[in-house]
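Quick notes on the structure that follows.
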Amino acid sequence: MIYPIWERNKWVLISGNIIGIIKHNTITVFLAFFILFFFGCDEKKQLIHAGVSVINITPPLDLNPILGGYGDRMSQPAIGVRDYIYAKAIVFKDQDKHYAIVTADMQSFPPYFKSQLVESLQEYGWSDNNILLLPSHSHTSIEMMSLHMNNNFNIPQIGIFNNDVLMLTIENIKNVILEAQQDLQPVTIGTVRQKLDGWNRNRRKGNSIVDNDLTITRIDRMDQSPLAILINWTAHPTFMGPEDMEFSGGWPGSLQRTIEDLSESNTTVFYYNGAEGDQSPTPRLEGAKNWEQAKTYGVDLGYLSWDLVQNIQTKPVFNFDYYQFDIVLPPRSWHPTFMMTGGKEYGINSDQADYIINLLFPDSTSSTFFNIGDLLIVGVPGEMTAELGIVIKDKVHEKIEIEFVTIGGLANEWISYMLSEEEYEKGGYETSVSFYGPTLGPLVVHKIIESAELFHHY
């Protein structure tokens, strides 16, 4: 009988008569024998492999990159770098398939960006279906519309298209995926969740609904050191305002650096936002603002997360599943308040608004399910309110009984805000930048819940 054994960063095959001579450290040997005893009888089973990579995506200042997040900046270029912004990839592989999750210190990805990225990766075996892009929504990162290939309007409030920055960003994300793919190793996986009161709030007047789930997934090497940590928390990175003109990952960047610094195992931390359309962070430092507040919030959340990380028990996982499905969107229709809020901010009239929205925003989009171990990521394009996100998490959990259902907000592309019909009618900023009318939010929610049943049998 031949047995697979983990030895010094690789699997080796040894015969049964020499098992007794293994003299590695106790933890590694125990884990190897655990896997052998419980799963070794099925020769077809193989642990999921994972690889990670990180790349600095901060554009050179001589390319005149503009910061996204606030129209008030009027497409002025960044004046410096407070802290670098990064893209990170984790690639999973089982016996039959591979999948890449890319998180990035980005405002959002515009429509059609992913299609350009996929085109650059097709020769390496990647497609639209097995790549998930999850931006943090940093408001001190690359302006989304400066990366939109259809943005030829030259309107500062929207964002001036910059092909050099677009090409550089695509190349960076392409490279981080390919690099992660080159460093695969067997892993074990575990997930925990804790509710955090007082860390976020609903910014819409009269609305108290918050999503206070902190969900953390730990992905371990075979020596039980964390290779990667995935953090899902729901809040806007908006401590820094339009007056802040330097690149920064904001509090999500601070969060990730804090955990990576606390780890002594060369761990890569990934952050992805939830249904944050109406969720703002609650300040942690009295009297502080801007970068000091963002840094403190990220550090505090990092220490809290690290305490949870250390108690996560990982387990062997042998396969993962993913399912991407199309959503036909309602006719594009901007709310009347667009001319009072968004329209004023953008400096355009109603005829221009119709033309611009029709050219920049698609007729259809997609949503994604990705399941590994006890974790399910539901990739939702655009910015969904917490009320709708909670409905998705609860209903999807009921249908497919995966313990930890999370929302990956702003997934793949930004298509506007998504609200319930009641929220839409109340107006406000979020309504003014919802470009598909009052039925958009309910339609997307319905399609996701409906597709959960299909995914369950996929």
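The values are calculated or read from the model by the stated rules, or taken from the named source; none is laboratory data. Because the structure is a prediction, the values reported are computed rather than measured. Don't worry about glycine lacking a Cβ; one is built from the backbone with ideal geometry, like all the others, and counts go over all protein chains shown.
Side notes on the structure shown:
- Lone unmet requirement of (1) within 16 Å of the chain's Cα centre (by Cα); (2) within 15 Å of residue 65 (Cα to Cα) for residue 99: (2)
- Test for residue 163: is it surrounded by fewer than 19 Cβ atoms within 10 Å (Cβ to Cβ), farther than 24 Å from residue 270 by Cβ and at pLDDT 95 or above: yes
- Pairs linking a residue in region 113-128 that is outside the structural domain of residue 172 (by TED's automatic domain parsing) to a residue that is part of a helix (DSSP H, G or I), with Cβ atoms under 7 Å and 6 or more positions apart or on different chains, do not occur.
- Region 274-314 - residue that is surrounded by 17 or more Cβ atoms within 10 Å (Cβ to Cβ) and assigned to a loop (DSSP other than H, G, I, E, B) and, of those, modelled with the lowest pLDDT: 284
- Residue check, residue 356 of a type outside the set (Lys, Arg) and surrounded by fewer than 24 Cβ atoms within 10 Å (Cβ to Cβ): yes
- For region 132-146, a residue qualifies if it is touching a strand residue (DSSP E or B) at 6+ places or on another chain (Cβ under 7 Å) and crowded, with 24+ Cβ neighbours inside 10 Å, and the qualifying residues are 133, 134, 135, 136, 137, 140, 141, 142, 143, 144, 146.
- Filtering region 449-458 to residues that are surrounded by fewer than 17 Cβ atoms within 10 Å (Cβ to Cβ), out of contact with any helix residue (DSSP H, G or I) (no Cβ under 6 Å at 6 or more places or on another chain) and not in a loop (DSSP other than H, G, I, E, B) leaves 450, 454.
- In the set (1) of a type outside the set (Val, Ile, Thr); (2) farther than 30 Å from residue 94 by Cβ; (3) in contact with a strand residue (DSSP E or B) (Cβ under 8 Å, 6 or more places away or on another chain); (4) surrounded by 15 or more Cβ atoms within 10 Å (Cβ to Cβ), residue 208 fails one condition alone, (4).
- Members of region 297-332 found to be farther than 22 Å from residue 372 by Cβ and touching a residue at least 60 places away in the same chain (Cβ under 8 Å), listed by number: 301, 304, 327, 329, 330, 331, 332
- Within region 72-104, the set of residues being small (Gly, Ala, Ser) and in contact with a Ser or Thr (Cβ under 6 Å, 6 or more places away or on another chain) comprises just one member, 89.
- With a requirement of 1 or more residues that are out of contact with any Leu (no Cβ under 6 Å at 6 or more places or on another chain), among the β-branched types (Val, Ile, Thr) and surrounded by fewer than 22 Cβ atoms within 10 Å (Cβ to Cβ), the helices (runs of 4 or more DSSP H) lying completely within region 371-448 that satisfy it span 386-400.
- Checking each residue of region 376-383 against the condition of being farther than 26 Å from residue 118 by Cβ and either modelled with pLDDT of 95 or more or within 17 Å of the chain's Cα centre (by Cα) (or both) gives no match.
- Residues in region 345-367 that are modelled with pLDDT of 85 or more and either in contact with a Phe, Trp or Tyr (Cβ under 7 Å, 6 or more places away or on another chain) or not hydroxyl-bearing (Ser, Thr, Tyr) (or both): 354, 356, 357, 358, 359, 360, 361, 362, 363, 366, 367.
- Qualifying residue in region 337-350 (condition: part of a loop (DSSP other than H, G, I, E, B), charged (D, E, K, R) and more than 25 Å from the chain's Cα centre (by Cα)): no
- Total residues in region 212-229, condition out of contact with any helix residue (DSSP H, G or I) (no Cβ under 8 Å at 6 or more places or on another chain) and of a type in the set (A, V, I, L, M): 3
- Subset of region 156-190 [β-branched (Val, Ile, Thr) and more than 23 Å from residue 73 (Cα to Cα)]: 170, 173, 176, 177, 187, 188, 189
- Here residue 429 passes the criteria (1) modelled with pLDDT of 95 or more; (2) at negative phi except the one numbered (1).
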